[in-house]
Amino acid sequence: MEPKLYPYSKNTAITLILLLLAFTVGGLFTLKTIRDTRDIIAAVISGLLMLTFLTFFIAKFLIPALQNKTALEISSSGIINYFPKTVKIDWKDVEEIQLTALAPRNMFITFKQSRSEGRRGIIGLFRVEGNSREIYDTAVFYFQNSKKVI
């Protein structure tokens, strides 16, 4: 079976960057009203923190989205999640996949006990272009088919 590739969501990337920019610019405007040295130091530190977040999300989210790069890959061997770093999950390590009504933009993966990184993993689908339910159904389809091969 051919792997199913899901690109980054351009709309989510642009919205997130604009939101971070708004907070950064808003923080800069508050500098004009600050008179106390401690408040200035706190504002500068929070401004630098916002610029760090902004730089990170531009480099790791906006640029890949504009380049139409793959954010999530689902194949017969497992799932590869490319944000914020590449993580490969083999189907042999997976016990169950869930999509809940409480968090419809997150796919929960329950690992078998032998996996050392923990019992449960979460793949945020908010940054992936496409319908969460369709992505989940694709993952379940590949997962169930991988069981038949083993």
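Every read-out reported here was derived from the displayed coordinates using simple, explicitly stated rules and does not represent laboratory data. Nothing here was measured: the structure is a model prediction, and the numbers come from that model. Please note: Cβ atoms are built from the backbone with ideal geometry, for glycine as well, and neighbour counts cover all protein chains shown.
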Percent of Cα-Cα distances greater than 19 Å, calculated over the chain: 61 percent
Neighbourhood net charge (11 Å Cβ-Cβ; Lys/Arg +1, Asp/Glu -1) for R105: +2
The chain: relative contact order in percent, alpha carbon pairs under 8 Å with at least 6 residues between: 26 percent
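With viscosity set to 1.002 mPa s at 20 °C, what whole-number translational diffusion coefficient in µm²/s follows for the stretch 8-66 from Stokes-Einstein and a Kirkwood radius over Cα pairs? Don't skip to the end; give the middle numbers.
Details: Rh = 12.2 Å.
The calculation lands on 175 µm²/s.
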Debye equation applied to the C-alpha atoms of the stretch 72-149, log10 I(q)/I(0) at 0.17 Å⁻¹: -0.61
Relative contact order computed over the stretch 72-149 (Cα-Cα under 8 Å; 6+ residues apart), in percent: 27 percent
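Among the listed pairs K88/K147; K4/K69; K10/K112, which have their C-alpha atoms separated by more than 22 angstrom in this model? Spell out each step's value before the answer.
On the way: K88/K147 18 Å; K4/K69 13 Å; K10/K112 34 Å.
Over 22 Å Cα-Cα: K10/K112.
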For the stretch 8-66: relative contact order, % (alpha-carbon pairs under 8 angstrom, 6 or more apart): 62 percent
Value at 222 nm in deg cm²/dmol, rounded to 500, when DSSP H runs of n ≥ 4 in the chain each add -39,500 (n - 2.57): -14000 deg cm²/dmol
